[in-house]
Amino acid sequence: MDTLIMVGQLLLGLSILVGLHELGHLLTAKMFGMRVEKFSIGFPPKIAGFQWGETEYSIGAIPLGGFVKISGMVDESMDTAQLSSEPQPWEFRAKPAWQRLIVMLGGIIVNVITGIVIFVFLVYNNGETYFSRDQVVENGIVAYEYAEAIGLQTGDKILDVNGQPYQSINDLSSGNVLLSENGFYTVERNGEQVRVDIPKGFINTFNNEDAFSKFISVRFPFEVGMIEPGSGAESAGLKEGDKILAVNGKSIQYFDEMQLALQNLKNDTAQFVVQSESATDTMAIAVSDDARIGIAVNPLLEPVSRKFGFGESLAKGTERAFGVVILNARALGKMFTGEVSAKNVSGPIGMAKIYGDKWDWTKFWSITGLISMILAFMNLLPIPALDGGHVMFLLYEMVSGRAPSDKFLENAQKVGMVILLALMVFAIGNDILKFFI
C-alpha cells in the first residue's frame, strides 16, 4: 500500500504538470493558427484517446512525460516526411520566428505560472510555522551526527550564518546556505564565540529527506505527556504534566539531556527528581533495554506561527518559486565543478520517495510546485530535443536572419534524444543504487 501511495502521488503530480506544460504548447500553437495533430500525456503505446477537431488527444502507457505534435515541426517523433514539400500556412515552419519562439516557450511559461500559483496558495493557506533564531539562541541546538561531523555541538547557540542573521532554524540547512562559498556558522559556546565552517560538498550529505533529521534540531524544555500502561513510569507513579528536574543527581532542563542520561542507564533503575503540581518528589523508575521509561513528552517550546494576506502571499510565494530555480541553477553549476555530486540526480523512483508513503495534500502540492519550477528550468536548458534547444536555434535564426536547415535540426534532435535517454538511464541508475545502498 505504501508503494502504491508513492507511485500514485508521483503519477498524479507528473500528469498535472506534463498536461499543463503540453497545454501551453497547444494553446500558443493554435493561437497562431498552427495545426496540432496530437496532444498526449504519457508516451506511446496509447491506452486511451479521442479526436476533437484536427487534434487527437490521448493518454500514453509510459507516464514519464508527454508531447504535442505540431505540423511542420521537427520534434521527438522524428516524423520528417512532410518536410520534403513546400511549407503550408498552418505549419510550424511557415510561421515567423517570433511566433515559433512563443510556442516553444509556452510550456515553460505555464510551468512557471503553475509553480508560482501553487507556492502562493500554500503560503496564503498555511502561512509559516518555524522555530525562530531567538528560540535557537535562547535554548541552543541538539547536534546530531551530521552536525557533529562538521564541529557543531549540542548546546551551541547559532548566532548567524555567513555573518548574516537568519529567521528560522530551517534556514540553517537551506540550499542557499549549504551551497554558499566558504560558508560558516557563528556559534556561542560556553560564553565564547566560535566559527564552525561548512565544508565544501557538505550539501551532498543531504541526499534524502531523512538526512535533515540527522543534522540539528532546537533544544526544548518539556513535561511528561501520556504514560505507557505497564511501563516503569506508570509503576513509579509518574503523572501527565509532571516535570523531570534531575536523573541520578544530574540536572535536567531539556529533553535531549534526559535522553542522553537514559542511554547510560539501560536495564537499570534511576532516581528521578519530579516536580508535580503539589510537590517535588524523588522516584525510582525502571529504564528499559531501549533506554525508555514509557512516557511521551509535551514540548514546552511553541513554534512561531505566521499568517499572510494575499498581497504578502503573492510576493513570498513568487520569491519561493524563483528561489527553487536559482538554487537548482547554482547546484547544476557546482555539479560541473564536482562540488555537488551527480549522485544527487534522481529519477522517477527518487521522486516517488520524495512524495512519501502518506498522502498529505500540503506536502503533495509543495513537491508538485517544486517539480513544476524544476521542469521549467530543465526544459529551458539549451539541449536539442528540449524546449531550450528549440529556443536556442530560434534565437540564432532571429539574430542571424538565417534558419538552420531541416537536416541540421533533424540531426540535432537525434543527438538531443541520445543525451536525454542517457540522462534518464543515469538518473534511474542512481535511484537503483540508492535503493540498495
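The values are calculated or read from the model by the stated rules, or taken from the named source; none is laboratory data. Keep in mind the model is a prediction, meaning the values are calculated, not measured. Here the Cβ is made from the backbone with ideal geometry for all residues, glycine too, and neighbour counts use every protein chain on show. To get the accessible areas, we keep the full protein, side chains included, count just its heavy atoms, and leave off ligands, DNA and RNA. Shrake-Rupley method; radii C 1.70, N 1.55, O 1.52, S 1.80 Å.
A few comments on the model shown:
- Sequence-distant contacts, meaning Cα pairs under 8 Å at least 6 residues apart, place the relative contact order of the chain at 18 percent.
- Entry note, the chain: the mean residue ellipticity at 222 nm calculated from DSSP H runs of n ≥ 4, each adding -39500 (n - 2.57), is -14500 deg cm²/dmol after division by the residues and rounding to the nearest 500.
- The accessible area of Trp359, taken with all protein chains in place and a 1.4 Å probe, comes to roughly 110 Å².
- Each Lys or Arg adds one and each Asp or Glu subtracts one; over the other residues with Cβ under 14 Å from the Cβ of Glu240, this totals -3.
- With the whole protein complex present, Lys358 retains an accessible surface near 150 Å², based on a 1.4 Å probe.
- Positive-end extreme of charge dipole, the chain - chosen from Leu179, Ile150, Thr318 (charges on Cβ): Thr318
- Whole-percent carbon and sulfur share, accessible surface of the chain, 1.4 Å: 60 percent
- Dipole magnitude (debye, nearest 20) for the chain, charges at Cβ of Lys, Arg, Asp, Glu: 1380 debye
- Fully extending the segment from Asp406 to Ala422, taken as 0.36 nm per residue of separation minus the present Cα-Cα distance, adds 3.3 nm.
- Recomputing Cα Rg over 2.2 N^0.38 Å from the coordinates shown identifies the correct label among (1) 2.23; (2) 1.07; (3) 1.27 as (3).
- For Val224, neighbours were defined as the other residues whose beta-carbon sits under 9 Å from its Cβ, and their charges (Lys and Arg +1, Asp and Glu -1) total -1.
- Across Lys200/Lys334; Lys214/Lys307; Lys200/Lys343; Lys38/Lys407, pairs whose alpha-carbon gap is larger than 19 Å: Lys214/Lys307; Lys38/Lys407
- Accessible area per residue for the chain, computed on protein heavy atoms with a 1.4 Å probe, is 52 Å².
- Neighbourhood charge, 11 Å Cβ-Cβ cut-off, centred on Gln253 and excluding it, Lys, Arg +1 and Asp, Glu -1: +1
- Peptides 35-48, 383-396, ordered by how many other C-beta atoms sit within 10 Å of their residues on average, highest first, read 383-396, 35-48.
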